[in-house]
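Asker: Mind looking over this structure? Questions follow.
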Amino acid sequence: MRVFIKDYLIPWLLLIMVWVAIWIFVPGEEKNLSLPNVLSVLVLLPLFLLVALYFVGKTLERYGYSRKDVRRLPEIIEKTHGRLYLSKEIFDTIGWALIFWGLFSTVIFMTEGPLWGVANAVAMFAWIFAFFVLLVSMVIWVLGFLPALYKLLTGRELNRDFLVEMMKLNLVLTAILIVVRLIALHVGDVSAPHYVMELIAFGRNDRVVNSLFELSALNFLFGLAGLYGPRKIGKATALLLTLIVFGQLWVTWGLLFG
């Protein structure tokens, strides 16, 4: 247990303490450390950790364990520390959960009450994740396009796992974008915290939202072309992927500079 405590548990606890120190000692005019807000943040911590443990369970499955082995997490970390990438993935997953918990909680502390605080934090993350459709396109340009061209022209098989995971992520982000759009169009004029109002304004921006929908469609089309193109049209898939990427660049130019 020494390795687990020293290299994993203590850093996680320190991360929590850093957030607490920021909330207490960093000055801010909008900061509201009321009891309801503090209780809300404390309740959210185990919820974020449960989500993290869910993903840890999926990670364990990839390494031959079962999800129930989450109960033996300290033991597994002790056995795999320094020998398998598994322990680092577990550390990063829980670490990122604590980072997101801290960011989420910070937004709550910027509002008057916990209900608006949670709504404000959810709005902030929804706004960010809706824009991640553009990030998926950028990942395609950097990690997907050129390697795909090289493999197609040299007769090698494309990375199907990358394409499938990219399409799954794109679908999730598109679903978030659709929800944001529907909420923004159907909610009336309200007086709400900052990020809620920003989310509504974003969802009502036809040019931005439509551009993101177009990027989402092109992202998905890139994945489909990469998965099925080589079997159907062979090396001509390279031309199709190139046209899709040029389409993404055109839409992105209009999104950012239009």
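Derivation of every value follows stated rules applied to the coordinates shown; laboratory data play no part. Please read these numbers as outputs of a predicted model, since none were measured by experiment. Here the Cβ positions follow ideal geometry from the backbone for every residue, glycine too, while neighbour counts run over all protein chains shown.
Asker: Pick from LEU169, LEU149, LEU13: which residue has the top mean-square fluctuation in a GNM of the chain where Cα pairs under 10 Å get a spring?
Answerer: Judging by the Gaussian network model, the answer is LEU13.
Asker: Explain nothing, just compute: Karplus ³J(HN,Hα) = 6.51 cos²θ - 1.76 cosθ + 1.60, θ = phi - 60°, for every residue of segment 16-23 in order, whole Hz, x for Gly and Pro.
Answerer: 4, 5, 4, 4, 4, 5, 4, 5
Asker: Which of PRO230, PRO74, PRO27 moves the most in a Gaussian network model of the chain with Cα springs under 10 Å?
Answerer: Highest fluctuation among the options: PRO27.
Asker: Let's test the formula: R0 of 22 Å, r as the Cβ-Cβ distance of ALA21 and TRP96. What FRET efficiency results, to the nearest 0.05?
Answerer: 0.65
Asker: Could you calculate the contour length gain from ARG204 to VAL51, that is, 0.36 nm times the residue separation minus the distance between their Cα atoms, to one decimal place in nm?
Answerer: Fully extending the segment from ARG204 to VAL51 adds 52.0 nm.
Asker: Right, another one. Using θ = phi - 60° and the Karplus curve 6.51 cos²θ - 1.76 cosθ + 1.60, what whole-Hz ³J(HN,Hα) does each residue of segment 201-216 get, with Gly and Pro shown as x?
Answerer: 4, 5, x, 8, 7, 4, 4, 5, 5, 5, 5, 5, 5, 5, 4, 4
Asker: Give the span of segment 46-107's Cα atoms along each principal axis, as three whole-Å numbers ordered largest to smallest.
Answerer: That works out to 38, 23, 17 Å along the principal axes.
Asker: Using only Cα atoms, what is the ratio of the radius of gyration of segment 1-123 to 2.2 N^0.38 Å?
Answerer: 1.20
Asker: Neighbouring Cβ atoms within 10 Å as the yardstick, rank LYS68, LYS235 fewest first.
Answerer: LYS68, LYS235
Asker: If you take the alpha carbon radius of gyration of segment 69-182 and divide it by 2.2 N^0.38 Å, what ratio comes out, to two decimals?
Answerer: Its radius of gyration relative to the 2.2 N^0.38 Å reference: 1.45.
Asker: While we're here: Assign unit charges at the C-beta atoms only (+1 for Lys and Arg, -1 for Asp and Glu), then state the dipole size of segment 1-108 relative to its Cα centre in Debye, rounded to the nearest 20.
Answerer: The calculation lands at about 480 debye.
Asker: Of all the C-alpha pairs in segment 208-258, what % are more than 19 Å from each other?
Answerer: So the portion of pairs separated by more than 19 Å is 31 percent.
Asker: Something else now. What residue among ALA121, ALA236, ALA130 has the largest mean-square fluctuation in a Gaussian network model of the chain, using Cα springs under 10 Å?
Answerer: ALA236
Asker: Once the mean 1/r over all distinct Cα pairs of the chain is inverted, what Kirkwood radius in angstroms do you read off?
Answerer: For the chain, the Kirkwood estimate is 21.2 Å.
Asker: Starting from the eigenvalues of the Cα gyration tensor, five times each then square-rooted, give me the equivalent ellipsoid semi-axes of segment 82-133, largest first, whole Å.
Answerer: Whole-Å semi-axes of the equivalent ellipsoid: 29, 14, 6.
Asker: Would you mind calculating the gained length between ILE128 and LEU182 on full extension (0.36 nm times residue separation, minus the Cα-Cα distance), in nm to one decimal?
Answerer: 17.8 nm
Asker: Could you tell me how many cubic angstrom of Cα convex hull volume segment 118-257 has per residue?
Answerer: 100 Å³
Asker: Okay, moving on. Hey, which of these cross-link pairs are over 19 Å Cα-Cα: LYS6/LYS58; LYS58/LYS151; LYS151/LYS232?
Answerer: Violating the 19 Å Cα-Cα cut-off are LYS6/LYS58; LYS58/LYS151.
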